[in-house]
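Asker: Take a look at this one; I'll ask things after.
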Amino acid sequence: MSTFKFKSIIKGDQYVVRVVYNRAHKTKGMEKVLVILSIISLLNTIAALILAPVIPQHLKSLGASTFQIGLFNAAFAGVQVLTGPVVGSWSDIKGRKFVWTLTYCVATVSIIILGLTTSLPLLFLINIVLAIFEHSPTLSKALVVDKCHKDMLADAYGSMGAVSSLGVIIGPIFGGHLIDRDNGFLYVCMCTCFLHFVNIIIIQTLEENTLKTTVFSWKNMKKETNKIFSELGRVNWKELWPLFFLRFVVSFTMTVVFTYQILYMKDSYDLPQKSVGYYVAYLGVLSAISYGLTGWIKKVYCSNSGKLQFHMFVINTVGLLGVHIAPTFEALLLATIPLAFSSSILTITTLDGIVEKSIDSDRGVMTGASESVLGIGRCLAPLVMGIVADLFHERLVTAVPILFSVLAMFLCMKMKHLDKHRFLPHTTP
């Protein structure tokens, strides 16, 4: 009996040693993957923000109207929302490394054509192809889920986000300097392609994930795409529409302001194109600082999300008014501070409000639906901007988000009033 116990203890100790060794080995491998993914995310962010801020001005120089530019941006945002789940599902079946490499190669070739052509129809076609295949953030997040333990996902995403945020500063400034050269847009596209090519090489150092046995089919693609609409359909809109509307307003207003300033700031304030890049970088720095302060601000408000959201929409409205009437570039920079501050905090607090109102079993659906609402805002904003600018006047474009922000303020007041009466004690006569 004692011999059996002794052997059991030895085997138990060996098992513990193996578990500890395996965990340490996995942690070391996970850290290596995180470093690689962080580098890829940084280069991808730099590449995206070298190219994205200069596209509207390039389209304008080729004779595109404001509505056509808005349609160009809206098509990209809309197609990405629809194809994101499909590419993610495809990578489950064919492997992250394979799909990432293939999509990056198609995107790189598309950007080369983008830089060489001056045909607006071909530019629109290439834009759709890019939207279908440019899903680096989706695939990198999927790889993090594959390699990391659930308890470490938040830290992993935070680390990747912190590194890639450097690209928000570097990309627009670099792109702004390149575009001022002769054939500047071609230089921008070639630089973006080079960074994509470097990422393709780095991706080859990753191990392939374990593949599913499912056979890829158009039926599966349709099923994944339908998930977007099924998530929206499962939401209790009658009760939760105000919270989703607030989230939509944040996405819509920032997209309008961002696209408008990229398109008109150069002419409005008589600035070189590189100043647009500096402005985008400035906006990115303000947003990063604001995200960092969000936790502290929520503590100041004692997690009273309704009161916090109302105050942030007041600040947002003031910032939008400042941007709308700013007579000089310096005044624009000053007005951008409250706008970036409030928008960043509202992006987080509006999601918190949705999660608070949902039950545990529906939180995944609510989170997915909230992201879809953000995508709808990014899709509609350029279209509305183009219609207002072409039918009325370009100066009225920034008046539209002011109207939406004021509506959000009143909605927050109404929600506070309803919550106050809901929790008042009932008195009997």
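Asker: Is region 122-142 home to any residue that is at pLDDT 85 or above, within 27 Å of Ser38 (Cβ to Cβ) and open to solvent by less than 30 Å² (accessible area, probe 1.4 Å)?
Answerer: yes
Asker: Sticking with this structure for a sec: I need the full set of residues from region 269-325 which are farther than 27 Å from Phe174 by Cα, among the aromatic types (Phe, Trp, Tyr) and touching a residue at least 40 places away in the same chain (Cβ under 8 Å), in order please.
Answerer: Listed by number, the residues that qualify are Phe310, Phe313.
Asker: Turning to a different aspect of this structure: Look through region 383-402, keep the residues that are open to solvent by less than 40 Å² (accessible area, probe 1.4 Å) and assigned to a helix (DSSP H, G or I), and return whichever of them is farthest from Gly322 (Cα to Cα).
Answerer: Ranking the candidates gives Gly386 first.
Asker: Give me the residue from region 172-188 that is touching a Phe, Trp or Tyr at 6+ places or on another chain (Cβ under 7 Å) and among the β-branched types (Val, Ile, Thr) and, out of that set, surrounded by the most Cβ atoms within 10 Å (Cβ to Cβ).
Answerer: Only one residue tops the list, namely Ile179.
Asker: Does Thr225 meet the test of being farther than 30 Å from Gln309 by Cα, modelled with pLDDT of 90 or more and open to solvent by less than 40 Å² (accessible area, probe 1.4 Å)?
Answerer: Here the answer is no, as Thr225 does not meet what is asked.
Asker: What number of residues within region 115-138 satisfy the criterion of being outside any loop (DSSP other than H, G, I, E, B), farther than 18 Å from Ala74 by Cβ and among the small types (Gly, Ala, Ser)?
Answerer: Final tally of qualifying residues: 2.
Asker: Residue by residue through region 42-82, note down the ones that are crowded, with 22+ Cβ neighbours inside 10 Å and among the hydroxyl-bearing types (Ser, Thr, Tyr).
Answerer: Thr45, Thr66 - these are the residues of region 42-82 that are crowded, with 22+ Cβ neighbours inside 10 Å and among the hydroxyl-bearing types (Ser, Thr, Tyr).
Asker: Somewhere in region 79-93, is a residue modelled with pLDDT of 80 or more, not in a helix (DSSP H, G or I) and not aliphatic (A, V, I, L, M)?
Answerer: no
Asker: Residues to consider are Phe72, Phe76, Phe67; find the one that is part of a helix (DSSP H, G or I), touching a Gly at 6+ places or on another chain (Cβ under 6 Å) and either more than 17 Å from Val276 (Cα to Cα) or hydrophobic (A, V, I, L, M, F, W, C) (or both).
Answerer: Among Phe72, Phe76, Phe67, only Phe67 is part of a helix (DSSP H, G or I), touching a Gly at 6+ places or on another chain (Cβ under 6 Å) and either more than 17 Å from Val276 (Cα to Cα) or hydrophobic (A, V, I, L, M, F, W, C) (or both).
The values are calculated or read from the model by the stated rules, or taken from the named source; none is laboratory data. The shown structure was predicted, so the numbers you read here are calculated from the model rather than taken from an experiment. Cβ atoms come from the backbone with ideal geometry, glycine included; neighbour counts cover every protein chain shown. When the accessible area is computed, the model is the full protein with side chains, heavy atoms only, and any ligands, DNA or RNA have been set aside. Shrake-Rupley method; radii C 1.70, N 1.55, O 1.52, S 1.80 Å.
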